[in-house]
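Shown next, in structure tokens, is the structure this report addresses.
The values are calculated or read from the model by the stated rules, or taken from the named source; none is laboratory data. This is a predicted model, so every value here is computed, not measured. As a convention, Cβ positions derive from the backbone with ideal geometry for all residues, glycine included, and neighbour counts pool all protein chains shown.
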Amino acid sequence: MKRFEKAVVVGASSGLGRAIALQLAQAGSTVVAVARREDRLRELAETRPGRILPLMHDVTRTEEVPRAFEDACRMAAGLDLIVYSAGVMPPVGPTEFDTAKDLRIFAVNVLGAMAWLNQAAERFQQAGHGAIVGIGSVAGDRGRRGQPAYNASKAALHAYLEALRNRLHARGVSVATFKPGPMRTEMTAHLSLRNAMDPEVAAAKILEKAHVSGEHYLSLGHRLAFAVLRNLPSSVFRRLPV
Ligand SMILES: NC(=O)c1ccc[n+]([C@@H]2O[C@H](COP(=O)([O-])OP(=O)(O)OC[C@H]3O[C@@H](n4cnc5c(N)ncnc54)[C@H](OP(=O)(O)O)[C@@H]3O)[C@@H](O)[C@H]2O)c1
């Protein structure tokens, strides 16, 4: 794992983001942990006093992001790595079409990501170094019947991150997109998942390649399976039980 001195993890109060923040701190990074739930962030910070620094912020308040980003960089005394892990996937009924819910999904998964990562991109391109990590999902590879807005939000995030990567590659800035499959976290606590990954295992895999530009699946099985699934015609894909 490459050593990052100063990191910001957005969405660090639970699940994957929390595991990434902890593992970064264990490896010696100073980590600013961003999310809304103060109690969770304070509990996390107490596990590594002085190494993990809590910053309470709601990513849907995009107008507050420039200030929050500046605060985070000041708290860490610099920035080498930003991880955007904040995300929501509320349950959606099979016949439900709820625009307000869909907009909330986009506000966190896409608009918040753009607000935070634009700040990081600008800072890193000026500095000529830095690593940007976005947490996408295998769910963004196809439009499935179960979660239309969540799938679309992850597809949008993947495309945005690819564009950042293409803009920043000549500036010495890496942009990595990770596409986890199912993980056992609060997001999926209401689902009965088969073959779900523990967030600690996913975090270790992500940190191993956090500095490597490109799109990364977390297992060879997913890489191969999604190479096929991505290319299936819709007429075939819609018959699959996914
Ligand atoms: N679990 C899976 O199976 C799975 C699979 C593939 C990809 N992913 C992706 O992995 C990432 C992490 O998800 P997880 O599974 O670890 O879920 P999680 O445990 O529910 O964590 C979600 C994180 O996002 C933060 N967040 C949500 N809304 C926010 C807001 N408005 N402002 C600031 N932070 C906000 C939460 O913090 P607060 O609530 O404290 O604000 C929390 O820290 C997400 O992007 C998710 O889409 C998950």
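Might you check whether a residue that is modelled with pLDDT of 95 or more, of a type in the set (S, T, Y) and over 15 Å from A12 (Cα atoms) occurs anywhere in the range 54-77?
Taking the range 54-77 and keeping what is modelled with pLDDT of 95 or more, we get 54-77.
Those left that are additionally of a type in the set (S, T, Y): 60, 62.
Now restrict to residues that are over 15 Å from A12 (Cα atoms): 60, 62.
Checking the range 54-77: at least one residue is modelled with pLDDT of 95 or more, of a type in the set (S, T, Y) and over 15 Å from A12 (Cα atoms).
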message = Go through (1) in contact with a strand residue (DSSP E or B) (Cβ under 8 Å, 6 or more places away or on another chain); (2) in contact (Cβ under 8 Å) with a residue 24 or more places away in the chain; (3) within 14 Å of the ligand (Cβ to nearest atom) for T30 and report which single condition fails.
response = (3)
task = Could you list, in sequence order, all residues of the range 33-53 that are basic (K, R), within 13 Å of the ligand (Cβ to nearest atom) and farther than 21 Å from A107 by Cα?
result = R40, R42
Cβ pairs under 8 Å, 6+ apart, first in the range 188-216 and at negative phi, second more than 11 Å from the ligand (Cβ to nearest atom) and of a type in the set (D, E, K, R) = A210/K2; H211/K2; S213/R165; E215/E162; H216/K209
query = Do you know which residues across the range 93-110 are within 28 Å of E208 (Cα to Cα) and out of contact with any helix residue (DSSP H, G or I) (no Cβ under 6 Å at 6 or more places or on another chain)?
reply = V108
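Report whether or not A86 is within 19 Å of A210 (Cα to Cα), within 14 Å of the ligand (Cβ to nearest atom), modelled with pLDDT of 95 or more and part of a loop (DSSP other than H, G, I, E, B).
yes
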note = Residue hits (the range 147-184; among the polar types (S, T, N, Q), crowded, with 17+ Cβ neighbours inside 10 Å and farther than 20 Å from V242 by Cα) are S174, T177
task = Tell me which residues, restricted to the range 155-185, are under 19 Å from M197 (Cα atoms) and not hydrophobic (A, V, I, L, M, F, W, C).
result = T177, K179, P180, G181, P182, R184, T185
remark   = Pairing a residue in the range 132-144 that is in contact (Cβ under 8 Å) with a residue 60 or more places away in the chain and over 22 Å from R167 (Cα atoms) with any residue that is in a loop (DSSP other than H, G, I, E, B) and within 11 Å of the ligand (Cβ to nearest atom), where Cβ atoms lie under 6 Å and the two sit 6 or more apart in sequence or on different chains, gives V138/G181
request  = Could you figure out which of (1) surrounded by 15 or more Cβ atoms within 10 Å (Cβ to Cβ); (2) near the ligand (Cβ under 9 Å from one of its atoms); (3) of a type outside the set (K, R) isn't true of A189?
outcome  = (1)
remark   = Expected single match for in contact with a Pro (Cβ under 8 Å, 6 or more places away or on another chain), small (G, A, S) and over 28 Å from Y217 (Cα atoms) among A45, A68 is A45
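Within the range 54-81, take every residue that is within 14 Å of the ligand (Cβ to nearest atom) and not in a helix (DSSP H, G or I) and give me the one that is nearest to the chain's Cα centre (by Cα). Reasoning before the result, please.
Step one: filter the range 54-81 for residues within 14 Å of the ligand (Cβ to nearest atom), giving 54-65, 68-69, 72.
Then keep just the ones that are not in a helix (DSSP H, G or I); that gives 54-61.
Numbers: P54: 18, L55: 17, M56: 17, H57: 16, D58: 15, V59: 12, T60: 15, R61: 17 Å.
Filtering first and then ranking leaves V59.
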remark   = The number of residues in the range 219-229 that are buried (at least 16 other Cβ atoms within 10 Å of the Cβ) and closer than 18 Å to E162 by Cα is 1
